[in-house]
Amino acid sequence: MPHDRPDWTREDSIYFITVCCEPRGQNQLCNGNTARKIFDTVEFRQERGDWYVHLLLLMPDHVHGLISFPSDRSMRKVVQDWKESAARRAGMKWQRDFFDHRLRNDENYIEKANYIRMNPVRKGLIGESENWPFIWQRTSIPGNDIRRDKAVPPYH
């Protein structure tokens, strides 16, 4: 997959991203120390302007996110660099590639965000999505100037 952001898309386009660990089926991500290190890499890259993470949820062996990318940066390179940094800091291993899907005009951001938040519930890891601790999200809703929004991880 090319993972290129088409030139005709807007900079505030939101992509649904999934990154999986290697091997699958092992809990590499959902513990406090690892999650903190991963969220620190997300926030660092957010503040640096590498990407604009709207929502990122850790599952034991994969990550789901809703992310926008600046027009002057390659989505593939941004995600690859983040994966390398997170693996180095957190001591886990990612699969080689990732999945991306650009949200189209007819796709609802709220529906995708709820789908992501419900993932731990569907997998039987927790009873209510509000209680899942391994989530990082912006403090405002889409449509605002995403460059000014500061994402705040709820684990602090």
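Any read-out appearing in this document is the output of simple, stated calculations on the displayed coordinates, not a laboratory observation. Predicted, not measured: the structure shown is a model, and the values here were computed from it. Here Cβ is always computed from backbone atoms with ideal geometry, including for glycine, and neighbour counts include all displayed protein chains.
Quick notes on this one:
- Peptides 30-37, 124-131 ranked from most to least packed, by the mean per-residue count of other Cβ atoms within 10 Å: 30-37, 124-131.
- The Cα center of the range 13-42 and the Cα center of the range 45-118 differ in position by 9 Å.
- Here the range 15-139 has an Rg and Dmax of 13.8, 41 Å, counting Cα atoms alone.
- Here ASN33 and HIS101 are evaluated by their C-beta separation; at R0 = 30 Å the FRET efficiency comes out at 0.45.
- Residues whose amide H lies under 5 Å from that of TYR15, counting only those 5 or more places away or on a different chain, are ILE67, SER68, LEU103; hydrogens are built 1.01 Å from N in the peptide plane.
- Taking 0.36 nm per residue of separation and subtracting the Cα-Cα distance, full extension of the segment from GLU84 to SER13 would add 23.1 nm.
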